[in-house]
Amino acid sequence: MGALNEARTPCQEAPEAWVGDNDALRREAAAECLTCPVLDACRRAVAADPTLRFGAIAGVDYGDTSTRAKAVRTVQAGSTETRVCDQCQVTFPRRSKESPSQWAERRFCSRACTGKFQREEFSRTHGIPAEKDCPRCGVTFGRPENRSPAQWLAQQFCSASCANRRNGRIRVEVAA
């Protein structure tokens, strides 16, 4: 953990975004983690200690702080079997009530990782691009998680304001 303390990281600037109850802030924080200079050290720390899996850490949003209590209970249950998540590469323990057949089939640490993997796999197998370039401003933008593949294929611009300006529909504010 020495590398974590030496470099100044985004999570040190505003720690409440990483562990708060606001889902949108945690998602933004998890995205900021991906550009952090100590990302690999965070991933190793989370893999070594499952109790760290709460809030946003190492580029993954594990949910609100109540997730920490769940992780602690899982570790205290004494599970010695672990596996690496196919999506986020974090080591996760076997759940106490998980049958041998369920454990044999399980590939992901959470439902969030399962969903993300399935969305990416669908896009890959159906030729749906992960990113596009806005024809108006040139910004490269990615598919939001709440956008269906059909909606994503139909979307041409990075934002409604770019679409409106490109199509000549500029809203003019009139002072009263």
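Annotations
- Out of Arg107, Arg136, one residue alone is free of Cβ contacts under 8 Å to residues at least 60 places away in the same chain, assigned by TED's automatic domain parsing to the domain that holds Val90 and not polar (S, T, N, Q). It is Arg107.
- Of all residues making up segment 150-160, the number that are surrounded by 14 or more Cβ atoms within 10 Å (Cβ to Cβ) and assigned to a helix (DSSP H, G or I): 2
- Test: residue in segment 124-139 that is surrounded by 12 or more Cβ atoms within 10 Å (Cβ to Cβ) and within 30 Å of Phe92 (Cα to Cα): no
- Enumerated helices (runs of 4 or more DSSP H) restricted to segment 37-125, each holding at least 1 residues that are modelled with pLDDT under 85: 39-48, 66-76, 111-125
- Qualifying residue in segment 129-148 (condition: under 25 Å from Asp23 (Cα atoms) and assigned to a helix (DSSP H, G or I)): no
The values are calculated or read from the model by the stated rules, or taken from the named source; none is laboratory data. Worth saying up front: this structure is predicted, and the values here are computed from it rather than measured. Cβ: placed from backbone, ideal geometry, glycine included. Neighbour counts: every protein chain shown.
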